[in-house]
Amino acid sequence: MIKTAIFVDVQNIYYTTRQIYGRQFNYRAFWQQLSQDHDIQLANAYAIQRSDDQQHKFQTALKHIGFNVKLKPFIQRADGSAKGDWDVGITIDIMEAAAGLEVDKVILLSGDGDFDLLMHHIRDKNQVTTQVFGVEQLTANTLVNAVDSFTAINDNLLL
C-alpha cells in the first residue's frame, strides 16, 4: 500500500466539474477508488464557510467519507466580488506533509496552475511521488507538467 496524503481544492473542483460536465465530483467514489491501493495517511478538503444548509450537508458528507474539512470564511467585498482563497493554506499543509509525514505520495485535486512550483518542489526536495486529479480542459499545463502523473476527472468520478 502506498502511504498517501490527499489535498482537495474544493472550490476549484466544484467549479471546473460544473463548467465542463454540469455535474458534481463524486468524493465517495474517489475515496473508494484510491483506498484500494493507497494507505491514506491524511486527507484535507479546503472549503469556504457559508451559512447554507447545502454547504453544511456537503461538509458533513466529506467528514463522513474521511476528509478533514478546513473552512475559511466567505468574504463579500464592497464591489460585489468574493474572496475565499485557500492557496497559501494548501501550500503550507502540503509542504509540511511532504517533509514531516512519512508519505510516499501527495495527491492534489485542483487544476490551478499556481500549484505547479509547489508540486515540482516537493517532488524534487522530498522525493515523494506527486499526482494531480483535475478536469483536463481546465487544468493548467504547467501543473500537469510539474507532477509525476495527471488523472483526468471523467464520468467514473462524477455524480
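The figures follow:
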{"quantity": "Positions within the stretch 19-52 being among the aliphatic types (A, V, I, L, M) and touching a helix residue (DSSP H, G or I) at 6+ places or on another chain (Cβ under 9 Å), in sequence order", "calculated": "20, 29, 40, 42, 43, 45, 47, 48"}
{"quantity": "Among the candidates 33, 41, 24, 11, residue that is over 18 Å from residue 153 (Cβ atoms), within 16 Å of the chain's Cα centre (by Cα) and of a type in the set (S, T, N, Q)", "calculated": "41"}
{"quantity": "Identity of the residue in the stretch 6-33, polar (S, T, N, Q) and open to solvent by less than 60 Å² (accessible area, probe 1.4 Å), that ends up modelled with the lowest pLDDT", "calculated": "11"}
{"quantity": "Where a residue in the stretch 98-116 is modelled with pLDDT of 95 or more and its partner, wherever it lies, is among the aliphatic types (A, V, I, L, M) and open to solvent by 20 Å² or more (accessible area, probe 1.4 Å), with Cβ under 7 Å and at least six apart", "calculated": "104/2; 105/2; 111/138; 111/140; 112/140; 113/140; 116/140"}
{"quantity": "Residue within the stretch 70-78 that is modelled with pLDDT of 95 or more and assigned to a loop (DSSP other than H, G, I, E, B) present", "calculated": "no"}
{"quantity": "Index of the failed condition, residue 129 passing every other in (1) open to solvent by less than 40 Å² (accessible area, probe 1.4 Å); (2) touching a residue at least 40 places away in the same chain (Cβ under 8 Å)", "calculated": "(1)"}
{"quantity": "Breaking point among (1) under 22 Å from residue 24 (Cα atoms); (2) of a type in the set (Val, Ile, Thr); (3) not in a helix (DSSP H, G or I), for residue 106", "calculated": "(1)"}
{"quantity": "Residues being more than 19 Å from residue 150 (Cα to Cα) and assigned to a loop (DSSP other than H, G, I, E, B) - total across the stretch 92-103", "calculated": "2"}
{"quantity": "Cross-chain or 6+ apart pairs with Cβ under 7 Å, the stretch 51-70 first and closer than 14 Å to residue 28 by Cα, then surrounded by 12 or more Cβ atoms within 10 Å (Cβ to Cβ) and among the aromatic types (Phe, Trp, Tyr)", "calculated": "62/27; 65/27; 65/31; 66/31"}
{"quantity": "Residues located in the stretch 132-154, provided they are in contact (Cβ under 8 Å) with a residue 40 or more places away in the chain and outside any loop (DSSP other than H, G, I, E, B)", "calculated": "133, 134, 137, 138"}
{"quantity": "Some residue of the stretch 34-54 being assigned to a helix (DSSP H, G or I), among the aromatic types (Phe, Trp, Tyr) and open to solvent by less than 60 Å² (accessible area, probe 1.4 Å)", "calculated": "no"}
{"quantity": "Filter result for the condition that a residue is loosely packed, with under 13 Cβ neighbours inside 10 Å and either assigned to a helix (DSSP H, G or I) or touching a His at 6+ places or on another chain (Cβ under 9 Å) (or both), over 3, 57", "calculated": "57"}
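The values are calculated or read from the model by the stated rules, or taken from the named source; none is laboratory data. Only a predicted model underlies this, so the values are computations on that prediction, with no experimental measurement involved. Note that each Cβ is placed from the backbone with ideal geometry, even for glycine, and that neighbours are counted across all protein chains shown. SASA here: full protein model, heavy atoms, side chains in, ligands and nucleic acids out. Shrake-Rupley method; radii C 1.70, N 1.55, O 1.52, S 1.80 Å.
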